[in-house]
Amino acid sequence: MVLLVGSPTKIIDAAEDRVRDVMVLASVPMVAVSALAAWVLSGAALRPVERMRRQAAAMGVADTGGRLEVPPTRDEIAALADTMNDLLDRLHAARARDRAFVADAGHELRTPLTILKAELELALRPGRSIGELTEAVSGAAGETDRLIRLAEALLALARFDTDSGQLVHREPVCLADLLRQAVRAATPAAHMKGARLRLTVEGPLLADVDPDRVRRAVDNLLGNAVRHAPPETEIEVSAALSPEETVTGTGPAAVLLQVRDHGPGFPADFLPRAFDRFSRADAARTRGEGGAGLGLAIVAAIAAAHGGRATAANHPDGGALVTLVLATDRLLAGWDGTSSDGRPTSPCSESSDRQG
């Protein structure tokens, strides 16, 4: 026996149709309201970003500097504004330095170029004697040398600014030998001033540095010291392991080079800007005598390229003291002056002697 039970589906079908109609009719405005709310909320959230974009665009057009407005929300957008302001401050500072550098370079180049033109025009005047022509050509040659030195200094600084690491080629260098060569080269100029040079080297100073760059820095320091050393005084050049630097492995991580004269020293107001470009201790000094003010700037750039630093100070007993700290990447095996079988191998085995 089979029992079949059934009921009409009209009621259920009608209920489903009503629910579907309600959902279709209600979903459209709900989606529209949701989209409108999302648009309003996203616009409100991104409004500070758009404001910062307009401010940044205005800065780019006017090139007047400035900072972005930081929203008071203390959220990620506020943090982004702070980061962008820090970046803008560094960019404005770098731009200001570049403009000052270009202006100073133009001013320095204008003087020798003007003198060079005057000397050549003087030589071209009719009726000049051989002696007058020789004097004019000699003056033009001297100004040309000044231009070459200035151009080389500007080029060196520009290269260090671009990528100093690419210009430093480290190799094992005996600093004692390098300093002896620099002192020997500066001795004739010192004797002309009536000054003496004394080199003191402590320990076997074998450093992993760029010999050409370090020699240029030392030459600049010796040139400044000889220029300002009074007659019958001594210019002291010293090199030692740096006691203040981190000690790693088998030896120190840095060496200390110092050049001291017994002259009047640095003016107090000059010390904070001693390594600035085109900065001179004596503004009244002629450019022919005092240079362009780039020597110490190059010294600081070379020190920074070696991971070190340069400092200028007045010695308590008188005179100017410039210190150059050179960080070394490593100390190689055998740099202690002996090989594995005990035989001396260090080329600086005699560098610890005091040099007069």
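The values are calculated or read from the model by the stated rules, or taken from the named source; none is laboratory data. Not measured: the values here are computed from a predicted model. In this analysis, Cβ positions are derived from the backbone assuming ideal geometry, glycine residues included, and neighbour counts consider all displayed protein chains. We work out accessible area using only protein heavy atoms, side chains counted, and drop any ligands, DNA or RNA first. Shrake-Rupley method; radii C 1.70, N 1.55, O 1.52, S 1.80 Å.
No other residue among ARG198, ARG159, ARG184, ARG128 is in a strand (DSSP E or B) and either loosely packed, with under 15 Cβ neighbours inside 10 Å or in contact with a strand residue (DSSP E or B) (Cβ under 7 Å, 6 or more places away or on another chain) (or both) apart from ARG198. Listed by first and then second residue, the pairs linking a residue in segment 88-99 that is under 22 Å from GLU69 (Cα atoms) and assigned to a helix (DSSP H, G or I) to a residue that is at pLDDT 75 or above and open to solvent by 60 Å² or more (accessible area, probe 1.4 Å), with Cβ atoms under 8 Å apart and 6 or more places separating them unless they lie on different chains, are LEU88/ARG67; ASP89/ARG67.
Against the test of being at pLDDT 90 or above, buried (at least 22 other Cβ atoms within 10 Å of the Cβ) and within 20 Å of the chain's Cα centre (by Cα), the options VAL237, VAL322 yield a single qualifying residue, VAL322. Here ALA284 fulfils each of the conditions (1) open to solvent by less than 20 Å² (accessible area, probe 1.4 Å); (2) hydrophobic (A, V, I, L, M, F, W, C); (3) modelled with pLDDT under 50 apart from (1).
Restricting segment 93-119 to residues that are more than 21 Å from GLY293 (Cα to Cα) and at pLDDT 80 or above leaves a set whose member that is surrounded by the fewest Cβ atoms within 10 Å (Cβ to Cβ) is LYS117. Of all residue pairs spaced 6 or more apart or on separate chains, those with beta-carbon atoms under 8 Å, a first member in segment 67-78 that is free of Cβ contacts under 8 Å to residues at least 60 places away in the same chain and a second member that is of a type in the set (S, T, N, Q) are ARG67/ASN85; LEU68/GLN55; LEU68/ASN85; GLU69/GLN55; VAL70/ASN85.
Within segment 207-230, the residues that satisfy the criterion of being open to solvent by 30 Å² or more (accessible area, probe 1.4 Å), closer than 18 Å to PHE266 by Cα and either assigned to a loop (DSSP other than H, G, I, E, B) or among the charged types (D, E, K, R) (or both) are ARG227, PRO230. On the basis of being open to solvent by 50 Å² or more (accessible area, probe 1.4 Å) and at pLDDT 85 or above, does ARG309 make the cut? So ARG309 passes the test.
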